[in-house]
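In what follows, a structure is listed as structure tokens, so that the remarks can point back to it.
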Amino acid sequence: MRIGIIVHSHTGNTLQAAEELLEELRSRGHEPQLIPLQVPEDYKPGGGDVELTAMPDISDCEALVLGAPVHAFSLSAVMNRYLSRVDDLAGRPVAALITQHLPYAWLGGNRATRQLRKACTDKGGDFLGGAVINWSRSGRADHIKTAVQGLADRF
Ligand SMILES: Cc1cc2nc3c(=O)[nH]c(=O)nc-3n(C[C@H](O)[C@H](O)[C@H](O)COP(=O)(O)O)c2cc1C
């Protein structure tokens with residue numbers, strides 16, 4: 001399956017997890033593609049509305065993974081903006097890859113996943129579920145591996 005992994009990552013955590021997912025999907029015979037969202041150079045998280053400098057072309061993607069951090073107990077404004085602009089999710093399977101600093105998903109990760117799910121289904125996407133990676137949790141490498149495998153199992 002051709003899977004676009006669309007990522008917003010400000011400090012690199014979500015990107016790192018997305019790169020591991022890319023390798024996992026490849027090892028399972030999929031054709032994944034990592035697509036970072038582009039924001040203005042002076043973008044600062046938590047600064048309110050943000051505009052993307054480009055919208056990725058996903059016309060070739062049969063399915064998507066949307067990766068983003070939690071900001072202020074919510075989905076990052078960049079991913080929110082992407083979801084408000086994207087118009088071609090109809091019928092596409094979509095999974096979520098969320099990272100956050102705090103050790104429990106109820107401290108923002110679950111809410112961000114719900115926000116992503118709603119925005120995705122509002123655009124006609126078929127939400128497959130998601131994984132929350134808690135960056136400050138002990139045993140992070142195994143935590144990421146489990147999350148990545150769980151996501152890959154959905155395709
Ligand atoms: C402005 C801002 C707000 C944040 N708010 C939260 C939060 O509410 N809960 C949390 O667990 N982590 C929070 N974080 C931490 C990030 O979610 C976490 O470090 C994430 O893995 C960063 O991903 P990235 O490196 O891909 O940008 C916040 C970070 C920033 C910069």
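The values are calculated or read from the model by the stated rules, or taken from the named source; none is laboratory data. Values in this document were obtained by computation on a predicted structure and should not be read as measured data. Cβ atoms come from the backbone with ideal geometry, glycine included; neighbour counts cover every protein chain shown. Please note that ligands, DNA and RNA were not included when accessible areas were found on the heavy atoms of the full protein model with its side chains. Shrake-Rupley method; radii C 1.70, N 1.55, O 1.52, S 1.80 Å.
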Please sort by residue number the GluC sites (Glu not before Pro) in region 29-136 whose DSSP state is loop and whose Cβ has at most 12 other Cβ atoms within 10 Å.
E41, E51
Leaving out ligands, DNA and RNA, and with a 1.4 Å probe, what % of the accessible surface on region 36-155 is carbon or sulfur?
48 percent
Region 2-152: Rg to Rh, with Rh as the Kirkwood radius over Cα pairs
0.93
Per the rule of 0.36 nm per residue minus the C-alpha distance, extending T53 to E41 adds in nm 3.4 nm
Could you do me a favour and compute the accessible area per residue for the chain, 1.4 Å probe, result in Å²?
49 Å²
Under 5 Å, built H, 5+ apart or other chain: amide partners of H71:
S76
